[in-house]
Amino acid sequence: MTTSPGSGLPPSRRERRKQETRTALEEAALALFAAKGYEQTTVEEIAEAAGVAVRTFFRYFSSKQHVLFGDVAHQRLARLRTELAATAVDQPPLEAVAVVLDALDLDAAEQRQITRRIRLMDEQPSLIGMYLTLMNDLRQVVVDFVAERTGLPPHHPYPLLVAGAAVTSWDVALCAGLAEPEPTDAGPVGPASRIRRAAFAALTAGIPATPPPR
C-alpha cells in the first residue's frame with residue numbers, strides 16, 4: 001500500500017488525486033511524444049489529453065523536458081549534489097562518489113520509468129540531445145564536487161576522470177538495462193544497479209582514491 005511521504009500512513013484522498021493527475025500527465029505526454037514527436041507536442045495538447053487545464057500541468061511539471069525525464073531523473077540531480085556535499089571532508093573523493101552513487105541506484109519502479117523513456121529515445125532520436133544535456137548536468141555536479149574537495153581546478157584531469165566514470169557507468173547501466181528483463185517487483189534496487197556498479201568499478205580501477213600531488 002502506498003503511504004503518505006514520511007508518515008507511514010495511507011495517502012489521503014487529496015494525495016491520491018494528485019498522484020493520479022501527475023500519472024495521467026506523464027502517460028499523456030509520453031504517448032504524444034511517441035506518436036507526434038517531442039518538438040511537435042505542445043503543453044496544451046498534453047493537458048488536453050490528460051483532461052486537465054494547462055495551469056494544472058505547471059503545478060506538477062516546470063516544462064516539457066521535466067515531464068519527459070520525470071521526477072526520477074530530476075530528483076537524482078538534486079540528491080547527487082546534496083549527498084556529495086554531505087560526505088565527510090576526510091573521505092577520499094573517489095570513495096565518496098562511489099558511496100553516493102550506490103545510495104542513488106534506481107529501485108525497480110524507478111528503473112521501469114527510466115527504461116520507458118530510454119526506449120522512447122530510440123523511437124525519437126531528437127530526444128537524445130536532451131538526454132545528453134541531462135547527463136552533462138550530472139557530470140558537472142561530480143566535477144564541481146571533486147574539484148572543491150581536492151582543491152583542483154574543474155578542468156584538471158582528476159575531477160574530469162572521476163565524473164566521466166560516474167556518468168558513463170550510469171549511461172551504460174541505463175542502455176544495457178534495456179536488454180535485461182524488466183523488473184516487476186518493488187525491490188530496493190533494480191537490475192541495472194549491478195551493471196552500473198560493475199561499470200564504475202572497471203572505469204575507476206586505474207584512478208587513485210585521491211589525486212597525485214601537484
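The values are calculated or read from the model by the stated rules, or taken from the named source; none is laboratory data. In this text, all values refer to a predicted model and were calculated from it rather than measured experimentally. Neighbour counts are summed over all protein chains in view; Cβ atoms, including those assigned to glycine, are modelled from backbone coordinates with ideal geometry. Side chains are part of the model used for accessible areas, which takes the heavy atoms of the whole protein and leaves out ligands, DNA and RNA. Shrake-Rupley method; radii C 1.70, N 1.55, O 1.52, S 1.80 Å.
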Task: Phi-based couplings in Hz for the stretch 163-175 (Karplus 6.51, -1.76, 1.60; Gly and Pro marked x) - done: 5, x, 5, 4, 6, 5, 5, 5, 4, 4, 5, 5, 6
- [ ] May I ask you to give the average projected area over all directions of the convex hull of the Cα atoms of the stretch 64-214, in nm² rounded to one decimal?
- [x] 9.1 nm²
Task: Contact order normalised by residue count of the chain, Cα under 8 Å, 6+ apart, percent - done: 21 percent
TODO: State, to one decimal in nm, how far the label point of Thr82 lies from the label point of Arg119, with both points 7 Å from Cα in the Cβ direction.
DONE: 3.1 nm
Open item on the list: Placing unit charges on C-beta atoms (Lys and Arg positive, Asp and Glu negative, everything else neutral), compute the dipole magnitude of the stretch 100-178 about its Cα centre in debye, rounded to 20.
Closed with: 120 debye
Open item on the list: If I stretch the segment between Val72 and Thr42 completely, what's the gain in nm (0.36 nm per residue apart, minus their alpha carbon distance), one decimal?
Closed with: 8.6 nm
Task: In order through the stretch 124-132: 3J(HN,Hα) via Karplus (6.51 cos²θ - 1.76 cosθ + 1.60), integer Hz, x for Gly, Pro - done: 10, x, 5, 7, 4, x, 6, 5, 5
Task: With all protein chains modelled, accessible area of Asp171 [1.4 Å, Å²] - done: 50 Å²
TODO: For the chain, give the magnitude of the charge dipole about the Cα centre (Cβ charges: +1 Lys/Arg, -1 Asp/Glu; no others), in debye to the nearest 20.
DONE: 400 debye
Task: Stretch gain in nm, segment Ala49-Met135, where the contour uses 0.36 nm per residue and the Cα spacing is subtracted - done: 28.0 nm
Open item on the list: As I understand it, the dipole of the stretch 1-123 uses +1 on the Cβ of Lys and Arg and -1 on the Cβ of Asp and Glu, about the Cα centre. Which of Ala109, Phe69, Ala50 lies farthest toward its positive end?
Closed with: Ala50
Open item on the list: Using a 1.4 Å probe on the protein heavy atoms only, what accessible surface does Lys18 show? Give it in Å² to the nearest 10.
Closed with: 90 Å²
Open item on the list: Quick one: 3J(HN,Hα) in Hz for the stretch 28-45, Karplus 6.51/-1.76/1.60 with θ = phi - 60°, rounded, Gly and Pro as x.
Closed with: 5, 5, 5, 5, 5, 4, 5, 7, 10, x, 5, 5, 7, 8, 9, 4, 4, 5
